[in-house]
Each structure stands twice: as C-alpha cells, then as structure tokens.
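The values are calculated or read from the model by the stated rules, or taken from the named source; none is laboratory data. Bear in mind that the values here come from a model prediction, so they are computed numbers and not experimental data. Here the Cβ positions follow ideal geometry from the backbone for every residue, glycine too, while neighbour counts run over all protein chains shown. Surface areas here come from the heavy atoms of the whole protein model, side chains and all, with no ligands, DNA or RNA. Shrake-Rupley method; radii C 1.70, N 1.55, O 1.52, S 1.80 Å.
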Amino acid sequence: QVQVVESGGGLVQPGGSLRLSCAASGSIFSISAMGWYRQAPGKERELVASDATGGTTTYADSVKGRFTISRDNVKNTVYLQMNSLKPEDTAVYYCNARIYRWFGSPGYEYWGQGTQVTVSS
C-alpha cells in the first residue's frame with residue numbers, strides 16, 4: 001500500500017506564486033526519483049521538473065528560472081515552488097514517484113491524484 005498525495009494548488013494572478021507539495025507514504029523501501037508533471041485541457045501530459053536521487057534536477061525549458069523543485073528524502077516529500085506564474089501554466093499538476101517497496105524489487109511509477117493550478121486575472 002503506497003499513497004502519493006499532492007496539495008497546494010489554487011487560483012493565482014499572473015506573476016503570482018504557489019508552492020506545491022507531494023508526499024509519498026506507505027510501505028516504501030526507497031524512492032529513486034520524484035517529479036512533477038502537468039496536463040492542460042486538450043494537451044498531453046508533460047514533465048515539468050524532476051529530482052533524482054543524488055540531487056540531480058531537471059526542468060522543462062518553459063519553466064526554467066521560474067520553478068524550483070526540492071526534495072526531503074526523510075519525509076518522502078517533493079515540493080515545487082512556482083514563481084512568476086503565467087496563464088499558460090494553468091493545468092492539473094501531478095506528482096510522480098519511482099518507488100521500490102523492498103530491496104531487490106522492481107520500481108514502479110506511482111501517481112498522485114493531481115492538484116489544479118489556475119493562473120488568471
């Protein structure tokens with residue numbers, strides 16, 4: 001039993017900020033990577049940012065310089081600080097975690113339920 005839950009979405013004006021949180025819980029042995037994806041209406045789900053074990057981070061070109069991903073490995077929590085938000089950032093944001101439930105077992109992708117971010121005046 002593993003749960004991945006996002007929070008922190010909402011409605012903000014252009015130029016505003018939000019911080020999203022995602023916590024993984026349950027029978028977890030380790031997590032190799034955590035990341036954020038988003039999906040806007042009529043568009044495919046896309047990677048926003050990821051944080052792999054060891055601290056390697058990646059960002060979509062569209063959010064570089066505006067978003068920052070961080071991770072607390074003790075709490076199994078990943079955050080996404082979103083600054084200078086634009087209307088095109090409007091989407092449902094999903095947390096993803098590559099989770100190993102026991103040593104030697106294969107890792108599986110777990111997804112949160114999503115949290116809505118709306119950027120509008």
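Observations on the structure shown:
- Unit charges at the beta carbon, dipole of the chain: most positive-side option, THR90, VAL74, TYR110: VAL74
- Only protein atoms count toward the accessible area here, which uses a 1.4 Å probe; on the chain, the carbon and sulfur part of that area reaches 51 percent.
- Diffusion coefficient of region 1-64 by Stokes-Einstein, Kirkwood radius over Cα pairs, 4 °C, 1.567 mPa s: 93 µm²/s.
- Relative contact order %, region 47-121, counting alpha carbon pairs below 8 Å whose residues are six or more apart: 22
- Annotation: extensible slack from THR118 through SER25 equals 30.8 nm (criterion: 0.36 nm per residue apart, minus Cα-Cα distance).
- Cross-link reach list, lysines versus LYS75, counting only Cα pairs under 26 Å and skipping chain neighbours closer than eight places: LYS64
- Cut-off 13 Å between beta-carbons: net charge of the residues surrounding LYS43, Lys and Arg +1, Asp and Glu -1: -2
- Note, ³J(HN,Hα) from phi for region 21-30, Karplus 6.51, -1.76, 1.60, rounded to Hz, x at Gly and Pro: 10, 9, 10, 9, 8, x, 7, 10, 8, 7
- Remark: the SER17-VAL5 segment gains 2.3 nm on full extension, using 0.36 nm per residue and subtracting the alpha carbon distance.
- Over the chain, accessible surface divided per residue gives 54 Å², non-protein components excluded, 1.4 Å probe.
- Amide H partners (placed H, <5 Å) of PHE67, local residues excluded: ASN83
- Taken along the Cα-to-beta-carbon direction at a fixed 7 Å, the label points for GLU44 and ASN73 span 3.2 nm.
- Across region 107-121, computed HN-Hα scalar couplings (Karplus, 6.51 cos²θ - 1.76 cosθ + 1.60, θ = phi - 60°) run x, 10, 7, 10, 10, x, 7, x, 9, 7, 10, 10, 10, 7, 8 Hz from first to last residue, x flagging Gly and Pro.
- Bins of 5 Å, starting at 0 and running to the largest distance - Cα pair percent for the chain: 2, 12, 23, 24, 18, 10, 6, 3, 1, 0
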